[in-house]
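Encoded as structure tokens, the structure appears first; notes follow it.
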Amino acid sequence: MNSTIPTAKKRHIKLLLTLSLGILIPVILIALVFFAAKNDAENQKEYDRIRQQQAEKFEHQKQQKIQQDLIQSQIQVES
């Protein structure tokens, strides 16, 4: 009779451990999903900002090229 008490206690501990992990694992997964979504949103904002800066830089270079071409054509017309 004494041998059944520790066995029942071990089963109870295993059951509690299994149930705890069954609850804890989904909670951790959900937390990871929210964390990943938050970081993705922040990264997307940063990429959009960088893209905007590059577009502005490209437009500025394009305008400079047009101005240089106009100056070159005026110089050629004058000479």
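Bear in mind that the values in this text are calculations on the coordinates, not laboratory data. Note that this is a predicted model, so its numbers are computed, not measured.
Cross-link partners of Lys57 among lysines, defined as those whose alpha carbon lies under 23 angstrom from its own and excluding same-chain residues fewer than eight positions apart: Lys45, Lys65. Taking all C-alpha pairs of the chain, those more than 21 Å from each other amount to 69 percent.
Computed over the chain, the per-residue total of -39500 (n - 2.57) for DSSP H runs of n ≥ 4 gives a 222 nm mean residue ellipticity of -36000 deg cm²/dmol, rounded to 500.
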